[in-house]
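So the structure is just underneath, and the comments pick up after that.
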Amino acid sequence: MAHHSCSNLDTSPTINRITAGTTAIDKDAYTKNVRVQAIRIAAPKTGKILRSQELKGLVLELPKFSSVVREENDDSRLVLLQAKPEDALPSTALKFVDEEGGTIVPYNFSLKYDYWTADEILQATLPEELREESPTGFAITGHIAHFNLRDEYLPFKKIIGEIVIDKNKRIRTVVNKLDNIHNEFRFFEMELVAGDADYVVEHHESDCKFTFDFREVYWNSRLHTEHERLVSIFKPEDGIIADVFAGVGPFAVPAAKKGCAVLANDLNPNSVKWLNKNSEDNKVGNLLRASCEDGRDFIRGAARRAYDEPFAAYAGPKPNRRQVREERRRRLEQQGEGAARPEPDDTVTVEKPPRNRIAHFVMNLPDTAIDFLDAFRGVLSRDLRGVYSELPMVHCHCFTRFLDLADARADIEKRVESALGASLRGNFSLHFVRSVAPNKDMYCISFRLPEGVAFQ
Ligand SMILES: C[S@@+](CC[C@H](N)C(=O)[O-])C[C@H]1O[C@@H](n2cnc3c(N)ncnc32)[C@H](O)[C@@H]1O
(Lines give C-alpha, C1' and ligand atoms only; values in the text may rest on other atoms or scores of the structure.)
Protein backbone atom coordinates (compact mmCIF):
# COMPACT_ATOMS: atom_id res chain seq x y z
CA MET A 1 0.00 0.00 0.00
CA ALA A 2 1.28 3.50 -0.75
CA HIS A 3 2.26 5.66 2.19
CA HIS A 4 -0.72 7.88 2.91
CA SER A 5 1.34 10.79 4.14
CA CYS A 6 2.40 11.65 0.58
CA SER A 7 -0.81 12.36 -1.16
CA ASN A 8 0.52 12.96 -4.62
CA LEU A 9 3.96 11.42 -4.39
CA ASP A 10 4.12 7.74 -5.26
CA THR A 11 6.63 5.96 -3.05
CA SER A 12 5.28 2.44 -3.43
CA PRO A 13 7.49 -0.21 -5.03
CA THR A 14 7.55 -0.51 -8.80
CA ILE A 15 5.07 -3.17 -9.82
CA ASN A 16 6.73 -6.50 -10.51
CA ARG A 17 3.90 -9.03 -10.85
CA ILE A 18 4.63 -12.72 -10.93
CA THR A 19 2.84 -15.54 -12.69
CA ALA A 20 2.18 -19.04 -11.45
CA GLY A 21 5.49 -20.32 -12.85
CA THR A 22 7.72 -17.72 -11.24
CA THR A 23 10.32 -19.30 -8.96
CA ALA A 24 12.46 -16.29 -8.05
CA ILE A 25 11.93 -12.58 -7.93
CA ASP A 26 14.17 -9.89 -9.33
CA LYS A 27 14.67 -7.56 -6.39
CA ASP A 28 16.06 -4.75 -8.53
CA ALA A 29 12.81 -4.59 -10.42
CA TYR A 30 11.06 -2.99 -7.42
CA THR A 31 13.37 0.04 -7.30
CA LYS A 32 11.45 3.29 -7.42
CA ASN A 33 13.11 6.50 -8.56
CA VAL A 34 11.49 9.42 -6.82
CA ARG A 35 11.85 13.03 -7.92
CA VAL A 36 11.03 15.83 -5.51
CA GLN A 37 11.78 19.45 -4.76
CA ALA A 38 14.08 20.32 -1.90
CA ILE A 39 15.08 23.43 0.03
CA ARG A 40 18.81 24.08 0.09
CA ILE A 41 19.45 25.91 3.33
CA ALA A 42 22.35 26.85 5.59
CA ALA A 43 22.85 24.00 8.06
CA PRO A 44 22.05 26.01 11.23
CA LYS A 45 18.68 26.96 9.82
CA THR A 46 17.50 23.39 9.25
CA GLY A 47 15.53 23.21 12.48
CA LYS A 48 13.77 26.49 11.80
CA ILE A 49 12.73 25.26 8.35
CA LEU A 50 11.42 21.97 9.73
CA ARG A 51 9.37 23.70 12.43
CA SER A 52 8.09 26.57 10.36
CA GLN A 53 4.38 27.19 10.04
CA GLU A 54 4.80 28.23 6.38
CA LEU A 55 6.12 24.82 5.34
CA LYS A 56 3.80 22.75 7.48
CA GLY A 57 2.64 19.64 5.63
CA LEU A 58 5.07 20.27 2.78
CA VAL A 59 8.12 18.50 4.17
CA LEU A 60 8.51 14.91 2.98
CA GLU A 61 7.46 12.38 5.60
CA LEU A 62 8.42 8.84 4.78
CA PRO A 63 8.71 6.09 7.37
CA LYS A 64 12.33 5.05 8.05
CA PHE A 65 13.58 7.81 5.76
CA SER A 66 15.24 11.07 6.69
CA SER A 67 13.89 14.15 4.99
CA VAL A 68 17.10 16.07 5.72
CA VAL A 69 20.10 15.38 3.49
CA ARG A 70 23.58 16.52 4.49
CA GLU A 71 25.38 18.08 1.54
CA GLU A 72 28.99 17.36 0.74
CA ASN A 73 30.30 20.73 1.84
CA ASP A 74 28.56 20.18 5.21
CA ASP A 75 27.59 23.87 5.39
CA SER A 76 24.20 23.36 3.85
CA ARG A 77 21.38 20.89 4.04
CA LEU A 78 18.60 19.77 1.74
CA VAL A 79 15.16 19.58 3.29
CA LEU A 80 13.11 17.32 1.05
CA LEU A 81 9.54 18.25 0.21
CA GLN A 82 6.52 16.19 -0.73
CA ALA A 83 6.29 18.10 -3.98
CA LYS A 84 7.21 16.77 -7.40
CA PRO A 85 9.48 19.03 -9.51
CA GLU A 86 6.52 20.21 -11.59
CA ASP A 87 4.31 21.06 -8.57
CA ALA A 88 3.78 24.73 -7.74
CA LEU A 89 4.62 25.55 -4.13
CA PRO A 90 2.41 27.95 -2.12
CA SER A 91 3.61 31.55 -2.39
CA THR A 92 3.83 31.88 1.43
CA ALA A 93 6.23 28.96 1.48
CA LEU A 94 8.34 30.38 -1.33
CA LYS A 95 8.49 33.76 0.37
CA PHE A 96 9.57 32.22 3.65
CA VAL A 97 12.31 30.15 2.00
CA ASP A 98 13.55 33.23 0.21
CA GLU A 99 13.64 35.29 3.41
CA GLU A 100 15.68 32.57 5.10
CA GLY A 101 18.17 32.60 2.25
CA GLY A 102 17.13 29.20 0.96
CA THR A 103 16.72 28.06 -2.63
CA ILE A 104 14.45 25.47 -4.20
CA VAL A 105 16.29 22.73 -6.07
CA PRO A 106 15.26 19.40 -7.63
CA TYR A 107 16.32 16.21 -5.86
CA ASN A 108 16.23 12.57 -6.94
CA PHE A 109 16.53 9.49 -4.79
CA SER A 110 15.63 5.85 -5.15
CA LEU A 111 13.92 3.44 -2.81
CA LYS A 112 14.92 -0.21 -3.10
CA TYR A 113 13.45 -3.63 -2.29
CA ASP A 114 14.85 -3.50 1.24
CA TYR A 115 12.95 -0.33 2.01
CA TRP A 116 9.37 -1.64 1.90
CA THR A 117 7.41 -3.89 4.23
CA ALA A 118 6.50 -7.45 3.29
CA ASP A 119 2.95 -6.31 2.68
CA GLU A 120 3.98 -3.52 0.32
CA ILE A 121 6.21 -5.88 -1.65
CA LEU A 122 3.47 -8.51 -1.83
CA GLN A 123 1.03 -5.91 -3.12
CA ALA A 124 3.42 -5.14 -5.95
CA THR A 125 4.17 -8.80 -6.63
CA LEU A 126 1.02 -10.89 -6.50
CA PRO A 127 -1.27 -11.08 -9.51
CA GLU A 128 -3.79 -8.27 -9.62
CA GLU A 129 -6.74 -10.50 -8.69
CA LEU A 130 -5.04 -11.72 -5.49
CA ARG A 131 -4.01 -8.34 -4.17
CA GLU A 132 -7.23 -7.58 -2.37
CA GLU A 133 -6.59 -9.97 0.47
CA SER A 134 -2.88 -10.09 0.86
CA PRO A 135 -1.95 -13.34 2.63
CA THR A 136 0.28 -11.72 5.22
CA GLY A 137 -1.86 -13.00 8.08
CA PHE A 138 0.73 -15.37 9.44
CA ALA A 139 1.65 -16.31 12.98
CA ILE A 140 5.21 -16.46 14.22
CA THR A 141 6.50 -19.13 16.57
CA GLY A 142 10.21 -18.91 17.25
CA HIS A 143 11.90 -18.66 13.85
CA ILE A 144 8.93 -20.16 11.98
CA ALA A 145 6.21 -18.20 10.21
CA HIS A 146 3.11 -20.26 9.56
CA PHE A 147 0.52 -19.46 7.00
CA ASN A 148 -2.88 -20.84 6.32
CA LEU A 149 -2.75 -20.12 2.60
CA ARG A 150 -5.92 -20.34 0.59
CA ASP A 151 -5.80 -22.40 -2.59
CA GLU A 152 -5.49 -19.39 -4.92
CA TYR A 153 -2.22 -18.42 -3.26
CA LEU A 154 -0.59 -21.84 -3.44
CA PRO A 155 1.07 -21.30 -6.87
CA PHE A 156 2.85 -18.29 -5.34
CA LYS A 157 3.70 -19.74 -1.95
CA LYS A 158 7.44 -19.99 -2.56
CA ILE A 159 7.74 -16.32 -3.48
CA ILE A 160 5.46 -15.28 -0.62
CA GLY A 161 7.64 -17.29 1.77
CA GLU A 162 10.84 -15.76 0.49
CA ILE A 163 9.52 -12.22 0.81
CA VAL A 164 8.47 -12.95 4.39
CA ILE A 165 11.96 -14.28 5.21
CA ASP A 166 13.62 -11.27 3.55
CA LYS A 167 11.49 -8.90 5.54
CA ASN A 168 11.60 -10.43 9.02
CA LYS A 169 14.97 -10.92 10.67
CA ARG A 170 13.63 -13.53 13.10
CA ILE A 171 12.13 -15.79 10.47
CA ARG A 172 14.21 -18.55 8.88
CA THR A 173 11.46 -21.01 7.99
CA VAL A 174 8.06 -20.52 6.40
CA VAL A 175 5.46 -23.27 6.49
CA ASN A 176 1.94 -23.62 5.26
CA LYS A 177 -0.46 -25.44 7.54
CA LEU A 178 -2.32 -28.20 5.78
CA ASP A 179 -5.93 -28.81 6.62
CA ASN A 180 -5.58 -31.99 8.58
CA ILE A 181 -5.04 -31.35 12.25
CA HIS A 182 -4.10 -34.44 14.24
CA ASN A 183 -7.33 -35.15 16.04
CA GLU A 184 -5.99 -36.30 19.33
CA PHE A 185 -2.77 -34.42 19.81
CA ARG A 186 -3.89 -31.23 18.07
CA PHE A 187 -0.76 -30.59 16.02
CA PHE A 188 -0.83 -29.55 12.40
CA GLU A 189 0.59 -31.14 9.34
CA MET A 190 2.60 -28.59 7.49
CA GLU A 191 4.62 -28.18 4.33
CA LEU A 192 7.81 -26.24 3.97
CA VAL A 193 7.26 -23.20 1.77
CA ALA A 194 10.60 -21.41 2.02
CA GLY A 195 13.76 -21.34 4.11
CA ASP A 196 15.37 -24.02 6.28
CA ALA A 197 13.69 -27.34 7.00
CA ASP A 198 14.23 -26.71 10.72
CA TYR A 199 11.13 -27.23 12.84
CA VAL A 200 12.58 -27.17 16.32
CA VAL A 201 11.70 -23.74 17.60
CA GLU A 202 12.76 -21.76 20.60
CA HIS A 203 9.94 -19.55 21.70
CA HIS A 204 9.75 -17.16 24.63
CA GLU A 205 6.55 -16.63 26.56
CA SER A 206 5.80 -15.54 30.14
CA ASP A 207 9.53 -15.10 30.80
CA CYS A 208 10.13 -18.75 30.01
CA LYS A 209 11.93 -20.40 27.14
CA PHE A 210 10.06 -23.13 25.29
CA THR A 211 11.69 -25.51 22.85
CA PHE A 212 9.70 -27.98 20.78
CA ASP A 213 9.37 -29.56 17.37
CA PHE A 214 6.55 -27.72 15.68
CA ARG A 215 5.61 -30.82 13.68
CA GLU A 216 5.01 -33.08 16.68
CA VAL A 217 3.22 -31.04 19.32
CA TYR A 218 0.51 -28.47 19.83
CA TRP A 219 1.46 -24.83 20.21
CA ASN A 220 -0.54 -21.67 19.76
CA SER A 221 1.04 -18.31 20.41
CA ARG A 222 -2.38 -16.69 20.35
CA LEU A 223 -3.06 -18.26 23.73
CA HIS A 224 -0.31 -16.41 25.54
CA THR A 225 -2.64 -13.98 27.34
CA GLU A 226 -4.77 -16.90 28.49
CA HIS A 227 -1.66 -18.69 29.75
CA GLU A 228 -0.65 -15.57 31.65
CA ARG A 229 -4.15 -14.96 32.98
CA LEU A 230 -4.48 -18.35 34.63
CA VAL A 231 -0.90 -18.46 35.90
CA SER A 232 -1.47 -15.08 37.56
CA ILE A 233 -4.37 -16.60 39.52
CA PHE A 234 -2.23 -19.40 40.96
CA LYS A 235 -0.56 -18.86 44.32
CA PRO A 236 2.41 -21.07 45.22
CA GLU A 237 1.24 -21.50 48.80
CA ASP A 238 -2.32 -22.51 47.86
CA GLY A 239 -1.52 -26.00 46.70
CA ILE A 240 -0.66 -27.98 43.63
CA ILE A 241 -1.57 -27.16 40.02
CA ALA A 242 -2.74 -30.17 38.00
CA ASP A 243 -2.50 -29.48 34.27
CA VAL A 244 -4.50 -32.23 32.56
CA PHE A 245 -3.64 -31.34 28.95
CA ALA A 246 -0.32 -29.63 29.51
CA GLY A 247 1.21 -29.71 26.02
CA VAL A 248 4.81 -28.54 26.19
CA GLY A 249 4.08 -26.54 29.33
CA PRO A 250 2.84 -22.99 28.68
CA PHE A 251 0.77 -23.08 31.89
CA ALA A 252 2.87 -25.58 33.83
CA VAL A 253 6.37 -24.14 33.36
CA PRO A 254 5.55 -20.47 34.19
CA ALA A 255 3.47 -21.66 37.15
CA ALA A 256 6.42 -23.67 38.47
CA LYS A 257 8.70 -20.72 37.79
CA LYS A 258 6.64 -18.60 40.15
CA GLY A 259 6.98 -21.27 42.81
CA CYS A 260 3.88 -23.40 42.27
CA ALA A 261 4.13 -27.18 42.53
CA VAL A 262 2.82 -28.69 39.31
CA LEU A 263 1.61 -32.06 38.08
CA ALA A 264 1.64 -31.75 34.29
CA ASN A 265 0.15 -34.37 32.02
CA ASP A 266 -0.22 -34.96 28.29
CA LEU A 267 -1.11 -38.06 26.31
CA ASN A 268 1.25 -37.17 23.46
CA PRO A 269 4.66 -38.69 24.36
CA ASN A 270 6.38 -36.01 22.28
CA SER A 271 4.67 -33.27 24.28
CA VAL A 272 5.96 -34.85 27.47
CA LYS A 273 9.44 -35.12 25.98
CA TRP A 274 9.54 -31.37 25.26
CA LEU A 275 7.71 -30.54 28.49
CA ASN A 276 10.53 -32.21 30.42
CA LYS A 277 13.15 -30.34 28.42
CA ASN A 278 11.36 -27.04 29.04
CA SER A 279 11.09 -27.84 32.72
CA GLU A 280 14.85 -28.46 32.86
CA ASP A 281 15.78 -25.46 30.73
CA ASN A 282 13.77 -23.18 32.97
CA LYS A 283 15.24 -24.80 36.08
CA VAL A 284 11.93 -25.85 37.60
CA GLY A 285 12.54 -29.62 37.58
CA ASN A 286 12.01 -29.87 41.33
CA LEU A 287 8.55 -28.29 41.11
CA LEU A 288 7.19 -29.94 37.97
CA ARG A 289 6.36 -33.61 37.57
CA ALA A 290 5.32 -34.73 34.11
CA SER A 291 3.17 -37.71 33.20
CA CYS A 292 1.89 -39.24 29.97
CA GLU A 293 -1.61 -40.54 30.62
CA ASP A 294 -5.10 -40.19 29.34
CA GLY A 295 -6.62 -37.09 30.91
CA ARG A 296 -9.37 -39.07 32.59
CA ASP A 297 -6.88 -41.40 34.33
CA PHE A 298 -4.75 -38.44 35.32
CA ILE A 299 -7.70 -36.62 36.92
CA ARG A 300 -8.66 -39.75 38.85
CA GLY A 301 -5.12 -40.34 40.15
CA ALA A 302 -3.90 -36.78 40.75
CA ALA A 303 -5.24 -36.20 44.27
CA ARG A 304 -3.85 -39.50 45.56
CA ARG A 305 -0.51 -38.85 43.90
CA ALA A 306 -0.33 -35.38 45.44
CA TYR A 307 -1.12 -36.78 48.86
CA ASP A 308 1.27 -39.74 48.72
CA GLU A 309 4.17 -37.80 47.23
CA PRO A 310 3.75 -34.23 48.43
CA PHE A 311 5.89 -31.33 47.28
CA ALA A 312 7.99 -29.37 49.77
CA ALA A 313 6.34 -26.29 51.26
CA TYR A 314 6.69 -23.04 49.38
CA ALA A 315 9.76 -21.27 50.70
CA GLY A 316 8.84 -17.80 49.46
CA PRO A 317 10.15 -15.92 46.47
CA LYS A 318 13.74 -16.52 45.45
CA PRO A 319 15.86 -13.56 46.55
CA ASN A 320 17.14 -11.53 43.66
CA ARG A 321 20.83 -10.75 43.19
CA ARG A 322 20.64 -7.47 45.04
CA GLN A 323 18.96 -9.07 48.02
CA VAL A 324 21.62 -11.81 48.09
CA ARG A 325 24.37 -9.17 47.99
CA GLU A 326 22.80 -7.15 50.76
CA GLU A 327 22.31 -10.19 52.95
CA ARG A 328 25.99 -11.12 52.47
CA ARG A 329 27.06 -7.58 53.38
CA ARG A 330 24.88 -7.58 56.47
CA ARG A 331 26.44 -10.81 57.66
CA LEU A 332 29.95 -9.53 57.07
CA GLU A 333 29.17 -6.39 59.06
CA GLN A 334 27.86 -8.47 61.91
CA GLN A 335 31.00 -10.58 61.93
CA GLY A 336 33.04 -7.39 61.94
CA GLU A 337 31.29 -6.22 65.05
CA GLY A 338 32.39 -9.47 66.59
CA ALA A 339 29.03 -9.89 68.17
CA ALA A 340 27.85 -13.34 68.99
CA ARG A 341 24.61 -12.79 67.21
CA PRO A 342 22.91 -15.81 65.77
CA GLU A 343 23.45 -16.43 62.07
CA PRO A 344 20.26 -15.77 60.10
CA ASP A 345 20.24 -19.49 59.29
CA ASP A 346 19.83 -20.27 62.97
CA THR A 347 16.72 -18.20 63.37
CA VAL A 348 13.74 -20.25 64.33
CA THR A 349 11.33 -20.71 61.46
CA VAL A 350 7.91 -22.22 61.71
CA GLU A 351 7.97 -25.38 59.63
CA LYS A 352 5.32 -25.13 56.90
CA PRO A 353 3.55 -28.36 55.95
CA PRO A 354 4.39 -29.87 52.56
CA ARG A 355 2.00 -29.27 49.69
CA ASN A 356 -0.20 -32.32 49.24
CA ARG A 357 -3.46 -30.85 48.01
CA ILE A 358 -4.52 -29.90 44.50
CA ALA A 359 -5.67 -26.30 44.30
CA HIS A 360 -6.34 -25.98 40.56
CA PHE A 361 -7.07 -28.26 37.66
CA VAL A 362 -6.32 -26.77 34.22
CA MET A 363 -8.06 -28.36 31.27
CA ASN A 364 -7.08 -26.79 27.99
CA LEU A 365 -8.42 -29.15 25.34
CA PRO A 366 -11.31 -26.96 24.24
CA ASP A 367 -12.74 -29.43 21.75
CA THR A 368 -13.52 -32.11 24.32
CA ALA A 369 -12.40 -31.04 27.81
CA ILE A 370 -15.99 -30.86 29.06
CA ASP A 371 -16.40 -34.55 28.22
CA PHE A 372 -13.61 -35.32 30.70
CA LEU A 373 -15.42 -33.67 33.62
CA ASP A 374 -17.25 -36.88 34.52
CA ALA A 375 -13.88 -38.11 35.80
CA PHE A 376 -14.34 -35.79 38.78
CA ARG A 377 -17.30 -37.79 40.05
CA GLY A 378 -16.09 -39.36 43.27
CA VAL A 379 -12.53 -38.27 42.54
CA LEU A 380 -11.72 -37.75 46.24
CA SER A 381 -11.82 -40.68 48.61
CA ARG A 382 -13.27 -40.10 52.10
CA ASP A 383 -9.88 -40.21 53.81
CA LEU A 384 -8.89 -37.06 51.92
CA ARG A 385 -11.75 -35.04 53.37
CA GLY A 386 -9.48 -33.41 55.93
CA VAL A 387 -6.99 -32.34 53.31
CA TYR A 388 -9.71 -30.96 51.06
CA SER A 389 -11.56 -28.63 53.39
CA GLU A 390 -11.23 -26.36 50.38
CA LEU A 391 -12.01 -28.11 47.12
CA PRO A 392 -9.97 -27.59 43.95
CA MET A 393 -10.88 -25.02 41.33
CA VAL A 394 -11.43 -26.40 37.84
CA HIS A 395 -10.55 -24.23 34.82
CA CYS A 396 -12.00 -25.93 31.79
CA HIS A 397 -11.60 -24.54 28.27
CA CYS A 398 -14.29 -25.09 25.70
CA PHE A 399 -15.74 -23.96 22.40
CA THR A 400 -19.26 -22.83 21.76
CA ARG A 401 -21.20 -21.96 18.63
CA PHE A 402 -23.26 -19.43 20.59
CA LEU A 403 -21.75 -16.04 19.93
CA ASP A 404 -23.98 -14.12 22.29
CA LEU A 405 -22.54 -14.12 25.81
CA ALA A 406 -25.78 -15.04 27.58
CA ASP A 407 -26.41 -17.90 25.15
CA ALA A 408 -22.81 -19.08 25.41
CA ARG A 409 -23.11 -19.04 29.18
CA ALA A 410 -26.26 -21.12 29.18
CA ASP A 411 -24.83 -23.58 26.67
CA ILE A 412 -21.57 -24.13 28.55
CA GLU A 413 -23.26 -24.29 31.95
CA LYS A 414 -25.63 -26.97 30.69
CA ARG A 415 -22.89 -29.13 29.17
CA VAL A 416 -20.65 -28.83 32.24
CA GLU A 417 -23.46 -29.71 34.63
CA SER A 418 -24.47 -32.67 32.56
CA ALA A 419 -20.88 -34.02 32.54
CA LEU A 420 -20.49 -33.45 36.29
CA GLY A 421 -23.94 -34.86 36.99
CA ALA A 422 -24.59 -31.95 39.33
CA SER A 423 -25.68 -28.34 39.32
CA LEU A 424 -23.18 -25.55 39.80
CA ARG A 425 -25.98 -23.37 41.20
CA GLY A 426 -24.62 -20.47 39.21
CA ASN A 427 -21.32 -20.61 41.08
CA PHE A 428 -18.92 -20.28 38.19
CA SER A 429 -17.22 -17.62 36.16
CA LEU A 430 -16.85 -17.54 32.44
CA HIS A 431 -13.93 -15.91 30.64
CA PHE A 432 -14.02 -15.18 26.91
CA VAL A 433 -10.65 -16.33 25.53
CA ARG A 434 -10.87 -15.62 21.81
CA SER A 435 -12.85 -16.06 18.69
CA VAL A 436 -11.38 -19.01 16.78
CA ALA A 437 -13.64 -18.86 13.72
CA PRO A 438 -16.49 -16.64 12.56
CA ASN A 439 -18.98 -18.96 14.26
CA LYS A 440 -16.91 -20.38 17.10
CA ASP A 441 -15.74 -18.79 20.35
CA MET A 442 -13.38 -20.15 22.96
CA TYR A 443 -14.12 -19.72 26.66
CA CYS A 444 -12.72 -20.83 29.99
CA ILE A 445 -15.21 -21.78 32.66
CA SER A 446 -13.90 -21.72 36.24
CA PHE A 447 -15.69 -23.28 39.18
CA ARG A 448 -14.97 -24.89 42.50
CA LEU A 449 -15.53 -28.61 42.30
CA PRO A 450 -18.87 -29.21 44.06
CA GLU A 451 -18.50 -31.31 47.21
CA GLY A 452 -21.26 -33.64 46.12
CA VAL A 453 -19.34 -34.44 42.94
CA ALA A 454 -15.89 -34.79 44.52
CA PHE A 455 -17.01 -37.17 47.28
CA GLN A 456 -19.80 -38.86 45.31
C1 LIG B 1 -5.12 -27.64 22.93
S2 LIG B 1 -3.67 -28.46 23.45
C3 LIG B 1 -3.20 -27.47 24.83
C4 LIG B 1 -1.79 -27.62 25.25
C5 LIG B 1 -1.29 -26.58 26.25
N6 LIG B 1 -2.08 -26.56 27.46
C7 LIG B 1 -1.30 -25.21 25.60
O8 LIG B 1 -2.00 -24.31 26.06
O9 LIG B 1 -0.56 -25.01 24.64
C10 LIG B 1 -4.33 -29.94 24.14
C11 LIG B 1 -3.29 -30.96 24.56
O12 LIG B 1 -4.01 -32.11 25.06
C13 LIG B 1 -3.34 -33.30 24.69
N14 LIG B 1 -4.33 -34.38 24.71
C15 LIG B 1 -5.22 -34.70 23.77
N16 LIG B 1 -6.01 -35.71 24.19
C17 LIG B 1 -5.61 -36.02 25.42
C18 LIG B 1 -6.04 -36.97 26.38
N19 LIG B 1 -7.05 -37.80 26.14
N20 LIG B 1 -5.41 -37.01 27.56
C21 LIG B 1 -4.39 -36.17 27.84
N22 LIG B 1 -3.93 -35.26 26.96
C23 LIG B 1 -4.53 -35.19 25.77
C24 LIG B 1 -2.78 -32.98 23.33
O25 LIG B 1 -1.66 -33.78 23.05
C26 LIG B 1 -2.41 -31.49 23.45
O27 LIG B 1 -1.07 -31.31 23.83
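Remark: accessible surface ordering of Glu132, Glu120, Glu72 (largest first) is Glu72, Glu132, Glu120, probe radius 1.4 Å.
Solvent-accessible surface of protein heavy atoms, probed at 1.4 angstrom with all chains present, puts His204, His397 in the order His204, His397, largest first.
Relative to its residue count, region 204-343 spans a Cα convex hull of 128 Å³ per residue. Compactness ratio for region 186-287: Cα radius of gyration over 2.2 N^0.38 Å (N = residue count) comes to 1.08. Bridging of Lys414 to aspartates and glutamates at a Cα separation below 18 Å is possible for Asp367, Asp371, Asp374, Asp404, Asp441, once same-chain residues fewer than 8 apart are set aside. Stokes-Einstein diffusion of region 32-111 at 4 °C, 1.567 mPa s viscosity, Kirkwood radius from Cα pairs, rounded to a whole number: 102 µm²/s.
Taking the charge dipole of the chain about its Cα centre, with +1 at Lys and Arg Cβ atoms and -1 at Asp and Glu Cβ atoms, the residue from Phe109, Leu58, Ala408 reaching farthest to the positive side is Ala408.
Across region 248-261, rounded Karplus estimates of 3J(HN,Hα) from the backbone phi angles (6.51 cos²θ - 1.76 cosθ + 1.60, θ = phi - 60°) give 8, x, x, 8, 5, 5, x, 5, 5, 5, 8, x, 6, 8 Hz, Gly and Pro being marked x. Taken per residue, the accessible surface of region 208-273 reaches 30 Å², heavy atoms only and a 1.4 Å probe. Dividing the summed helix terms, -39500 (n - 2.57) for each DSSP H run of n ≥ 4, by the number of residues in the chain produces a 222 nm estimate of -7500 deg cm²/dmol to the nearest 500. The packing ranking of peptides 425-432, 311-318, 122-129, highest mean first, is 122-129, 311-318, 425-432, where packing means the average number of other beta carbon atoms within 10 angstrom of each residue. Toward the positive end of the charge dipole of the chain, with +1 on the Cβ of Lys and Arg and -1 on the Cβ of Asp and Glu, the farthest Cα among Ala93, Leu380, Ser279 is that of Leu380. For the peptides 85-97, 156-168, the ranking by mean Cβ contacts within 10 Å, running from highest to lowest, is 156-168, 85-97.
For region 73-166, the alpha carbon convex hull comes to 192 Å³ per residue, rounded to a whole number. Backbone amide hydrogens, once placed in the peptide plane, bring Val59 within less than 5 Å of Gln82, excluding anything fewer than 5 places away on its chain.
Note on surface exposure: Ile15, Ile241 rank Ile15, Ile241 by accessible area, highest first, 1.4 Å probe. Averaging the sequence gap over all C-alpha pairs within less than 8 Å and six or more residues apart, then dividing by the number of residues, gives region 32-111 a relative contact order of 51 percent. Residues whose amide H lies under 5 Å from that of Val436, counting only those 5 or more places away or on a different chain, are Asp441, Met442; hydrogens are built 1.01 Å from N in the peptide plane.
Charging the Cβ of each Asp and Glu at -1 and of each Lys and Arg at +1, and nothing else, the dipole of region 69-157 about its Cα centre rounds to 260 debye. If you take the charge dipole of the chain about its Cα centre, with +1 on Lys and Arg Cβ and -1 on Asp and Glu Cβ, which of Ile358, Leu78, Leu263 is farthest toward its positive end? Value: Ile358. Every Cα-Cα pair in region 19-64 was counted, and those over 12 Å apart are 77% of them. Using the alpha carbons alone, the radius of gyration of the chain stands to its Kirkwood radius in an Rg to Rh ratio of 1.14. Here the ratio of the Cα radius of gyration of region 1-141 to 2.2 N^0.38 Å is 1.28. Computed from point charges on the beta carbon alone (+1 for Lys and Arg, -1 for Asp and Glu), the dipole magnitude for the chain about its Cα centre is near 1180 Debye. Working note: Cα gyration tensor of region 386-439, eigenvalues times five, square-rooted, sorted largest first, giving semi-axes of 25, 13, 9 Å.
Short-range pairs are left out: with C-alpha atoms under 8 Å and at least six residues apart, the relative contact order of region 92-175 is 25 percent.
For Tyr307, the accessible surface of its heavy atoms amounts to roughly 90 Å² (probe 1.4 Å, protein chains only, rounded to the nearest 10). Bridgeable aspartates and glutamates around Lys45 (alpha carbons under 12 Å apart, same-chain partners fewer than 8 residues away excluded): Asp75, Glu99, Glu100.
The values are calculated or read from the model by the stated rules, or taken from the named source; none is laboratory data. The structure displayed is predicted, hence computed values, not measured ones. Counting neighbours? That spans all protein chains shown, and the Cβs are built from the backbone with ideal geometry, glycine included. We work out accessible area using only protein heavy atoms, side chains counted, and drop any ligands, DNA or RNA first. Shrake-Rupley method; radii C 1.70, N 1.55, O 1.52, S 1.80 Å.
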